[in-house]
1. Considering only residues that are under 19 Å from residue 44 (Cα atoms) and of a type in the set (A, V, I, L, M), look in segment 207-227 and name the one that is surrounded by the most Cβ atoms within 10 Å (Cβ to Cβ).
2. Just to confirm my filter: which strands (runs of 3 or more DSSP E) fall fully inside segment 343-453 and include at least 1 residues that are of a type in the set (S, T, N, Q)?
3. Is it true that residue 248 is within 26 Å of residue 441 (Cα to Cα), open to solvent by less than 30 Å² (accessible area, probe 1.4 Å) and more than 14 Å from the ligand (Cβ to nearest atom)?
4. Which members of segment 234-262 meet the condition of being more than 26 Å from the chain's Cα centre (by Cα) and at negative phi?
5. Which members of segment 442-473 meet the condition of being open to solvent by less than 10 Å² (accessible area, probe 1.4 Å), more than 10 Å from the ligand (Cβ to nearest atom) and among the hydroxyl-bearing types (Ser, Thr, Tyr)?
6. Is it true that residue 268 is in contact (Cβ under 8 Å) with a residue 40 or more places away in the chain and out of contact with any His (no Cβ under 9 Å at 6 or more places or on another chain)?
7. How about segment 162-187: which of its residues are in contact with a strand residue (DSSP E or B) (Cβ under 7 Å, 6 or more places away or on another chain), open to solvent by 40 Å² or more (accessible area, probe 1.4 Å) and outside any strand (DSSP E or B)?
8. May I ask you to say which residue of 264, 288, 293 is within 24 Å of residue 390 (Cβ to Cβ), more than 11 Å from the ligand (Cβ to nearest atom), open to solvent by less than 60 Å² (accessible area, probe 1.4 Å) and touching a Phe, Trp or Tyr at 6+ places or on another chain (Cβ under 6 Å)?
Amino acid sequence: ESGAHVPALVIGTGYGGSVAALRLAQAGVDVQMVEMGMAWDTPGTDGKIFANTTSPDYRSYWLRTRTKQPISNFLGFPIDKDVPRYTGILDAEQFSGIIVYQGRGVGGGSLVNGGMAVTPKRENFPGILPTVNPDEMYGTYYPRANAGLGVNFVDQAWWETVDCYQFARVGRKQAQRSGFPFVFVPNVYDMDYMKQESAGTVPKSAVAGELLYGNNYGKKSLQKTYLAQAKATGRVTISAMHKVTSVAPAPGGGFTVLIDQITTNGDPITTKSVTADKVFFAAGSVGTSKLLTKLKATGALPNLNGEVGKGWGDNGNVMCGRANHIWDPTGSVQASIPTAGIDNWTNGGVFAEVAPLPTGIETWASFYLSITKTPNRGQFSWNASTGQVDLNWQTAWKQPSIDAAKTIFDKINAKEGTIYRTDLFGVYKVWGDHLTYHPLGGAILDRATDNYGRLQGYSGLYVIDGSLIPGSTTVNPFVTITALAERNIENIVARDL
Ligand code: FDA
């Protein structure tokens, strides 16, 4: 309610925000969470909460009148289509040189992501977060995050036999024939549920190709894990369809937070003003970076330091597809949940997820999302003439990622006598170098904040999401985001309450 005073306000309901809310509530603090996206708890016109990946509709995109699918073309045809403008679940946020995909709604990225729950190899950790003690992370916080997220492995004996992982078995065979290490990867999707889907005894979700626009069953999104636990404390309130636009010191202490309540057209209905003793920025790497950059530049939070907005990276994401021979079909039924990857980080700086391409027909395509080592980092800046925050990323900055991915897929193509698909990202375009699923950085730990996420320049302001991580996690990021949030909130609860 406008005029309210809350002890703790959390901006965003993704991984960082959910960890913060749960641990603060368990420590006896009342928490108000503010989420700009929808609650995603009510079925749509077809009786389902979420739309299928193969048939995007009004629920699928954040305030767009046309879909912006990561794979934009198929066999020469553009596949994007018009949809009604709506506060849908997937934001394809366009900056000058990159599209950043993000989840919108209660649960943040957990609503739309592949659920790959990967803990980085310990030997790589010092390169990811150099000022964080690896013993504590691997001894305490990674295990705590994995437990809290409900991480589980696929049953490998089952995986070997089912149609829906034919694509992954082809991926394994070809990786191994070229001498690359193939690894199984844990996930938060309930793998027992998937077995039942596959057997036809429960409604299908992953096996029906649901993913990018939400999973109706099986996926343990944050709504079912951290947020359910947080709500059960009785101390956490979540306001969906509310967007934070400003945070500034309040005259009597604490912070004045301005919040727009929005309609499903994205238009503000009312602006509310709330006073909060502590504010946690958990709006995601892009959301938090945009807010902090604007608030510093426009004088709402002038004491933030010069590191705000810096150190943003794409986790080296690059996509590609390969065309297999007729004797290597990848299956007309593909589970939307990835279970495996090619881990060549040590030798070539690439961790490539063997990804599904759930089209419902046989395509003979192998599809990969590579996470690569790249030196390039972008910076956010305030553009006073447009009133927007810009990001200076350039598409050409993906070249090191393409070069790294080629060390794997050129070799596999040579060995198999196959070629790249050139039809998935445009016409005669091999590399999906226009996007990232893994935005990281913009308020780097121990630079824009102290070593636990306390923003420099103010006491009572915190960053607790992917923006703390300097641009790369060497693997898919959400387990690291969650574990870091667990580490930081423990220190904050112990010292700042
Ligand atoms: P996150 O983005 O989750 O949450 C931020 C929340 O804040 C959002 O709900 C947003 O709407 C809200 N918000 C933003 N600005 C606001 C404002 N001003 N006011 C109020 N609310 C605001 N990772 C992984 O580890 N394994 C995987 O398999 C995948 N797969 C994958 C697929 C796809 C398609 C995507 C888009 C992403 C992935 N990811 C992934 C990435 C993963 O989802 C991502 O790293 C995390 O969700 C980031 O967590 P955060 O807590 O940083 O923010």
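1. 212
2. Numbers: elements: 350-355, 365-372, 380-383, 388-391.
In segment 343-453, 365-372, 380-383, 388-391 are the strands (runs of 3 or more DSSP E) which contain 1 or more residues that are of a type in the set (S, T, N, Q).
3. Numbers: within 26 Å of residue 441 (Cα to Cα): yes; open to solvent by less than 30 Å² (accessible area, probe 1.4 Å): yes; more than 14 Å from the ligand (Cβ to nearest atom): yes.
Yes: the conditions hold for residue 248.
4. Here is the first cut: in segment 234-262, the ones more than 26 Å from the chain's Cα centre (by Cα) are 234-235, 248-256.
Of everything in segment 234-262, those that are more than 26 Å from the chain's Cα centre (by Cα) and at negative phi turn out to be 235, 248, 249, 250, 251, 252, 255, 256.
5. Those that are open to solvent by less than 10 Å² (accessible area, probe 1.4 Å), more than 10 Å from the ligand (Cβ to nearest atom) and among the hydroxyl-bearing types (Ser, Thr, Tyr): 449, 462.
6. Numbers: in contact (Cβ under 8 Å) with a residue 40 or more places away in the chain: no; out of contact with any His (no Cβ under 9 Å at 6 or more places or on another chain): yes.
When the stated conditions are applied, residue 268 does not pass them.
7. Across segment 162-187, the qualifying residues are 172, 176, 181.
8. Details: 264 fails: within 24 Å of residue 390 (Cβ to Cβ); 288 fails: more than 11 Å from the ligand (Cβ to nearest atom).
On inspection, the qualifying residue turns out to be 293.
The values are calculated or read from the model by the stated rules, or taken from the named source; none is laboratory data. The shown structure was predicted, so the numbers you read here are calculated from the model rather than taken from an experiment. With ideal geometry, Cβ positions are generated from the backbone for all residues, glycine too; neighbour counts draw on all protein chains shown. Side chains are part of the model used for accessible areas, which takes the heavy atoms of the whole protein and leaves out ligands, DNA and RNA. Shrake-Rupley method; radii C 1.70, N 1.55, O 1.52, S 1.80 Å.
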